[in-house]
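The values are calculated or read from the model by the stated rules, or taken from the named source; none is laboratory data. On a predicted model such as this, the values are computed, not experimentally measured, just so you know. Note that each Cβ is placed from the backbone with ideal geometry, even for glycine, and that neighbours are counted across all protein chains shown. Ligands, DNA and RNA are stripped out before the accessible areas are found, and what is left, the full protein with its side chains, is counted by its heavy atoms. Shrake-Rupley method; radii C 1.70, N 1.55, O 1.52, S 1.80 Å.
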Amino acid sequence: MQIVFRVRYHTVPGQSLWLLLKQGDGSLRELPMEWLNLEQWELRLEIESDGSDPIHYHYQLREEGNGLELDEWGEGRVINPGEKPFIWLADTWHSAGSVDEAYETKALKFLLPDRGPFESLPDMPLASHRFSIHVAGVPMGLAMGLIGDTEVLGNWDVRRAIVMREVAANRWMVDVELDAEEAIEYKYATCDPETGELIEFEEGENRRLEAHAIGQEQCSWIQDQEFRRDPRSGFRGAGVAIPVFSLRSETSCGVGEFADLVPFGHWARGLGMKLLQILPIHDTTAARDWTDSYPYSAISCFALHPIYLRLDVFAEAMPDDWCQRLKQKRKALNALDALDYEAVLTLKLELTREVFDAHFETISGDAQLMDFIAGQGGWLLSYAAFCVLRDQHGTGDFSQWGENSVFSRELESVMWQDGSDDHREMLYWIWLQHELDHQLGAAVAHLHEIGVVLKGDLPIGIDRCSVEAWSAPELFHLDAQAGAPPDFFSHAGQNWGFPTYNWERMAQDGYAWWQARLSHLAKYFDAFRIDHILGFFRIWQVPLEQVDGLRGWFEPAVAVALQEFRDKGIAFDFERFCRPWMTREGLQQVFGDKTDEVIVEFLQTKEDGGYEFREAFDTQRKVLDHFGDKENALCKGLLACHGEVLFFESPGSGATAFHPRYGLQRTLSFADLDCMAQEKVDALYNNYFFERQDFLWRAGGLIKLDALRRASPMLLCGEDLGMVPGCVPPAMRETGILSLEIQRMPKAFGAEFDDPRLAPYLSVVSPSTHDMPNLREWWRDHPEQAKRLAWTHFDEPHASEELGPELAAKVMGQQFESPAMWAIVPLQDLLALDAAVCHPDPAAERINDPSINPFNWRYRMHLGIEQLEVAQTLNARIRTLLRENGRAERENA
């Protein structure tokens, strides 16, 4: 039997396609294909077969030089060749980035109609050609149709499309008798299944099937992908973003709780919205003070935060004085304008401890609790042991735990031994997780019943003092810190303090840790936001001895070799280029009349007349430890002086490879170079940051994102803001990850604002993020920019310096008008639609300011959900905007 495998996929030099053919013993036979043109690869294969056994195969993309081996999406292909001696396969690469794959994610599946039952076709085609295409989201009452330029295919007559059968969920097929010696052009369309009349043609050029006769009794299989639909004919939904801790209701206790998601979801759904987006909800209890309010610094990637537990469920089982204390404390905490993190957490742990102690015998024998423990895998016991040891030692820094600093399963087993004091303490934390799991699970189930999707948030890092860092240190680089280079959010860059990932080690077991993490998230979420998705391509790594993000570099990265300086004619001097450049004139610009004091106490004179740090202050960490206050003026100045370098030595290179300091052109060190040297250093800088890294980063990012995409059925949305390498958007498209489009953070070079109406369909548009000032605050604080936005995007030449409801409605309307699959708006920006309900001070609605570290995350809605439900003017405006722009209900399906 001869089989011709021909696959359509656009490749570039250095790429190749391979056929992976499954053999009888289950192993894969790897076969290189032949390049035909930029769009097609082919392999002709003789197979010994009587046609009774199915043939299993798939395609793989490989790239020279970076180790990329990327399998096409899906579980693989299967054909039943039958007795035909010649089989010709016209395949299209199966990408995870199609609209149809997005529609098959958890977030869209229950929002779109369930079409079954399905029709069947014989395993072998009934005619010479079998056409098939994967199309999801076909409206009820319609079917897919095939039409083309031959008589059999209707000669493009819109009334004569061949109706296809849905043989499995979203898989459409039809058998057609055609002449393999003739080329044809064709398209797919939605059509009326009774009459064959076309409803919607796919967009773009005609598909083409070349003449492909290879022998007598030939059978041809044409397996296409991606129906090219008009985005506005597909699903377009709206959602609202709010952290759980920011929710406010009469029944919550000083903080939003999982149970509050239900009434908030009802409010949103009543207006036509179908998605709630929240921030991370995992336990962050490390220091037991307000710094733990940072939701992106979890001590466990699996455990839920106890602060979100609703205590009323225990009221019937507790005495009156317990209930009275809860009532009094709730009243006092709910009267506060913002979250008092320490007070709320202290109260909840205190009251739940009393419940646990009062009902210990019942809890310890609860069969449901035992089933919960058995079903959680290894994370739960490790988390409970961590919490017990944290409290015993008074710190989450496990390096201070003495003999328990190093995790072992034996230690965990000893602590969990029935009857021990540690066992009882561990059971308390496990019981809390069981209760939290039950409350969140119940809220999610209710949201699904009313047609609301819950979107979570996947932090890029883990806390240095976390269960994972303690129990699996081999998965992380604990001697480094993750952060971000200077950007829109912070001019000094960001240092999040998280250890970076040991991706090489994680790859050894097929990213099992990530698979477990995402599988766990999928219990609660239908979609999630990947925080700082750029970190999956490269992470901004800051040495442990440094404080701010300025003294970091990308990892991995192709460093600048010493020879490159010589080739460029740059007289490289390690002391001049890699040590802080401090002259008296420069110091006076920073410290003014404090210059002499600074020189005497912190610096020493070099032979060339410049200055260097004394050993006691020769790292940023030493400077900060001395002052203890990052906001101290002298401390700030000295930290900035540490950033007066041009290059950082690449660790382990022996001073033969270097990373340019980000934004080196703005340093005094650069300014003191001669013009020729500046030009040459600038050329190296631009090559490093904007040219040489993409090939390396593309492979690493694709491999990791593909593993994430395959690990769960959730819809993935990437936070791709900031300095985005050119390799990131195509990798996100290939892996089916939605982009994030923020009007005030344009991606087009040189643009001041993005236009949401030009956003791609597979994206999320939003006017703001939690890391930005909300619209009203930005409008007030940046009046000139705001006026330009009003004039260029909304034809408002005389915009007020305060954002009023009318102009806010135009901003929201443009977001909802976008072709993007999702428009998700922070609650604070929606409140701007009604001056009667928005907060008098826009700054009070700020969730986070990345330039302040640590920041107190304490924003709560100033009005309760109960008040939102009766805010008639606000609700009417939101509902009208959604309906006018086709995002309410399924009017646009």
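Structure summary
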item	result
Filter result for ILE242 (at pLDDT below 95 and either buried (at least 22 other Cβ atoms within 10 Å of the Cβ) or more than 27 Å from the chain's Cα centre (by Cα) (or both))	no
Boolean, ILE450 is open to solvent by 30 Å² or more (accessible area, probe 1.4 Å) and in contact (Cβ under 8 Å) with a residue 40 or more places away in the chain	yes
The range 551-569, residues that are out of contact with any Gly (no Cβ under 7 Å at 6 or more places or on another chain), under 29 Å from SER739 (Cβ atoms) and open to solvent by less than 10 Å² (accessible area, probe 1.4 Å)	PHE554
Boolean, ALA445 is without any contact (Cβ under 8 Å) to a residue 60 or more places away in the chain, small (Gly, Ala, Ser) and open to solvent by 30 Å² or more (accessible area, probe 1.4 Å)	yes
Residue list for the range 416-442, restricted to those being open to solvent by 10 Å² or more (accessible area, probe 1.4 Å) and farther than 24 Å from PRO295 by Cα	TRP416, GLN417, ASP418, GLY419, SER420, ASP421, ASP422, HIS423, ARG424, GLU425
Any hit, the range 307-329, residues being open to solvent by 10 Å² or more (accessible area, probe 1.4 Å), touching a residue at least 24 places away in the same chain (Cβ under 8 Å) and either of a type in the set (S, T, N, Q) or on the phi > 0 side of the Ramachandran plot (or both)	no
Candidates ASP531, ASP548, ASP487, filtered to the one that is open to solvent by 10 Å² or more (accessible area, probe 1.4 Å), within 30 Å of CYS635 (Cβ to Cβ), in contact with a Pro (Cβ under 6 Å, 6 or more places away or on another chain) and of a type in the set (D, E, K, R)	ASP531
Residue within the range 50-58 that is in contact with a Lys or Arg (Cβ under 8 Å, 6 or more places away or on another chain), open to solvent by 60 Å² or more (accessible area, probe 1.4 Å), outside any strand (DSSP E or B) and more than 17 Å from GLU734 (Cβ to Cβ) present	no
Every residue from the range 251-282 that is acidic (Asp, Glu) and part of a loop (DSSP other than H, G, I, E, B)	GLU257
Matching residues in the range 791-813 - criterion: being outside any loop (DSSP other than H, G, I, E, B) and either hydrophobic (A, V, I, L, M, F, W, C) or within 24 Å of the chain's Cα centre (by Cα) (or both)	TRP791, PHE794, LEU807, ALA808, ALA809, VAL811, MET812
Members of the range 715-736 found to be within 12 Å of the chain's Cα centre (by Cα) and assigned to a helix (DSSP H, G or I), listed by number	MET732
Among the residues listed as LEU271, LEU279, the single one being in contact (Cβ under 8 Å) with a residue 60 or more places away in the chain, surrounded by fewer than 24 Cβ atoms within 10 Å (Cβ to Cβ) and more than 23 Å from the chain's Cα centre (by Cα)	LEU271
Filter result for PHE386 (crowded, with 16+ Cβ neighbours inside 10 Å, of a type in the set (A, V, I, L, M, F, W, C) and under 27 Å from ALA522 (Cα atoms))	yes
Hits in the range 798-838 (condition: open to solvent by 20 Å² or more (accessible area, probe 1.4 Å), acidic (Asp, Glu), touching a residue at least 12 places away in the same chain (Cβ under 8 Å) and over 30 Å from LEU716 (Cα atoms))	GLU801, GLU802
Test: PHE689 is surrounded by 15 or more Cβ atoms within 10 Å (Cβ to Cβ), modelled with pLDDT under 95 and out of contact with any Ser or Thr (no Cβ under 7 Å at 6 or more places or on another chain)	yes
Residue in the range 453-467 that is of a type in the set (S, T, N, Q), more than 25 Å from LEU112 (Cα to Cα) and open to solvent by 10 Å² or more (accessible area, probe 1.4 Å) present	no
Number of the exception - PHE572 against (1) more than 25 Å from HIS491 (Cβ to Cβ); (2) open to solvent by 20 Å² or more (accessible area, probe 1.4 Å); (3) touching a strand residue (DSSP E or B) at 6+ places or on another chain (Cβ under 9 Å); (4) touching a residue at least 12 places away in the same chain (Cβ under 8 Å)	(4)
Verdict on GLU217 being touching a strand residue (DSSP E or B) at 6+ places or on another chain (Cβ under 7 Å) and open to solvent by 10 Å² or more (accessible area, probe 1.4 Å)	yes
Verdict on SER399 being in contact with a Ser or Thr (Cβ under 8 Å, 6 or more places away or on another chain) and open to solvent by 60 Å² or more (accessible area, probe 1.4 Å)	yes
Elements of type strands (runs of 3 or more DSSP E) in the range 577-681, at least 2 residues being more than 20 Å from GLU564 (Cβ to Cβ)	603-605, 611-613
Residue selected from the range 166-187 under the condition over 18 Å from SER220 (Cα atoms) and surrounded by 16 or more Cβ atoms within 10 Å (Cβ to Cβ), by the criterion nearest to the chain's Cα centre (by Cα)	ASN170
Residues of the range 592-612 satisfying the condition of being at pLDDT 95 or above and open to solvent by less than 20 Å² (accessible area, probe 1.4 Å)	THR595, VAL598, PHE602, LEU603
Residues of the range 779-790 that turn out to be surrounded by fewer than 20 Cβ atoms within 10 Å (Cβ to Cβ) and in a helix (DSSP H, G or I), as a count	7
Per-region count, the range 338-369, residues surrounded by 11 or more Cβ atoms within 10 Å (Cβ to Cβ) and in contact (Cβ under 8 Å) with a residue 40 or more places away in the chain	22
Pair list, Cβ under 6 Å, 6 or more apart: the range 20-45 residue part of a strand (DSSP E or B), other residue surrounded by fewer than 11 Cβ atoms within 10 Å (Cβ to Cβ)	ARG29/GLN23
Enumeration of residues in the range 837-884 that are more than 17 Å from PRO805 (Cβ to Cβ), touching a strand residue (DSSP E or B) at 6+ places or on another chain (Cβ under 9 Å) and among the hydrophobic types (A, V, I, L, M, F, W, C)	ILE847
Sole residue being surrounded by fewer than 14 Cβ atoms within 10 Å (Cβ to Cβ), more than 16 Å from MET1 (Cα to Cα) and modelled with pLDDT of 95 or more, chosen from LEU36, LEU70, LEU61	LEU36
Any hit, the range 752-762, residues being out of contact with any helix residue (DSSP H, G or I) (no Cβ under 8 Å at 6 or more places or on another chain), within 22 Å of ILE878 (Cβ to Cβ) and open to solvent by less than 20 Å² (accessible area, probe 1.4 Å)	yes
